[in-house]
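One structure is given below, encoded as structure tokens.
Just so it is clear, none of the values below were taken in a lab; they were calculated from the coordinates. In this text, all values refer to a predicted model and were calculated from it rather than measured experimentally. Glycine gets a Cβ as well: all are built from the backbone with ideal geometry, and neighbour counts include every protein chain shown.
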Amino acid sequence: MQVQENHSLLHFNSFGIDAKAKYFSRFSSREELAELLSLPIAVQGPVFILGGGSNILLTKDVDGFVLKNEITGIEIIREDEDHLYIKTGAGENWHSFVMYCVQNNYAGIENLSLIPGNNGASPMQNIGAYGVEIKDVFYELEAFHIHDKSIETFTLEDCGFGYRDSVFKNKYKGQFVITTVTYRLNKKPRFNTSYGAIEQELQKMGTKDLSIQAIAQAVMNIRSSKLPDPKEIGNAGSFFKNPAVNKKDFETLQKEFPSIPFFPFDEVRVKVPAGWLIEQCGWKGYRKGDAGCYSKQALVLVNYGYASGNEIYQLSEEILQSVKAKFNIELEREVNIVGK
Ligand SMILES: Cc1cc2nc3c(=O)[nH]c(=O)nc-3n(C[C@H](O)[C@H](O)[C@H](O)COP(=O)(O)OP(=O)(O)OC[C@H]3O[C@@H](n4cnc5c(N)ncnc54)[C@H](O)[C@@H]3O)c2cc1C
């Protein structure tokens, strides 16, 4: 546990932004975290908690203390007839954890294969893909309060999960460090293949007996063909959330844009794919310098090499404005912007 000054974050964010942290340290236990948080540089703040860095955009150097969570551990803490309760350290790699569950026939997160990042961040935005969200398997988490130094347990209800949202992105933003997350996995699988191209991919794979292993493989195949690998092209996955549009406003939009896609959301709103809106504004495949809008999926903003975080942010701003001008819809960024 060593505090480093002016530490490069280049290899700690999937956008590949070459920003620096004024102070940087790793921690691998709650005790180490407590010790680091009692240092004057932490007390004076600001403190930024880093997981895998796959959902952040660093728009400038971080003038504060960056603490990288490396608490590991996977433990089955309880079992009943139908479920396994698995407690994991926040620094565990999410996809490796999914693979561990899939290999052991612990069902529930196979649709969430290949999402980058760590377990500690999984409740932050209630990660989701292919019809499954963390809230479906979440049991509880432990978090350390940065100022009070208290340890608190959050249940499913306490987390206020919504679409790419939780209390940790709003009410408690920047207040807690999530140290462990406990998931409730199923002993008997409930296959979820209705979303996206899973069925098609399973057919292509020649799958005869459906299993969580086959679903995980199908999801991995689809994701690898659609999304850029951050090791090759810097990105943070979907940059924007799919907007929820009031049904009345949507009907008006449909008259002007009859092919506008949508899917059900709640009683009064429908969801519109943000990627479609961005594509209609002509951004797909756009590139300015090294900042761009991915050619296979307009929802993903990319760094082709040496773009600054601010250049990517400016591009996102132009996209937001053009979608607003054409459709009167305000997109919301899914990626956490650091430094604005
Ligand atoms: C190619 C690609 C595909 C993706 N696909 C998906 C997808 O399908 N679905 C989806 O939901 N997301 C997706 N993402 C986004 C991302 O992988 C997830 O949001 C992931 O959970 C982020 O984890 P992380 O550890 O990298 O978080 P980081 O980027 O390190 O942090 C994200 C935020 O959480 C905070 N944070 C992180 N860890 C902690 C902690 N322990 N305690 C308190 N705060 C913390 C950080 O301060 C920051 O605000 C994708 C990203 C990429 C690059």
**Request:** List, in the order given, every pair from K187/K208; K20/K231; K135/K255; K188/K296; K169/K326; K171/K255 whose Cα-Cα distance in the structure shown is over 31 Å.
**Result:** K135/K255; K188/K296; K171/K255
**Message:** How much of the DSSP bridge set in the chain is antiparallel, in percent, rounded to the nearest 5?
**Reply:** 80 percent
**Message:** Can you give the local net charge around Y85? Use residues other than it whose beta-carbon is closer than 15 angstrom to its beta-carbon, Lys and Arg +1, Asp and Glu -1.
**Reply:** -4
**Prompt:** What is the distance, in nm, between label points placed 7 Å from the Cα along the Cα-to-Cβ direction at N336 and at K324?
**Reply:** 2.5 nm
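Which semi-axes, in whole Å and largest first, does the equivalent ellipsoid of region 21-173 have when worked out from the alpha carbon gyration tensor as the square roots of 5 times its eigenvalues?
Equivalent ellipsoid semi-axes, largest first: 28, 17, 15 Å.
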**Prompt:** Ranked from highest to lowest mean number of other Cβ atoms within 10 Å per residue, what is the order of the peptides 52-59, 182-189?
**Reply:** 52-59, 182-189
**Within a Gaussian network of the chain (alpha carbon springs, distance under 10 Å), most fluctuating of I134, I109, I222** = I222
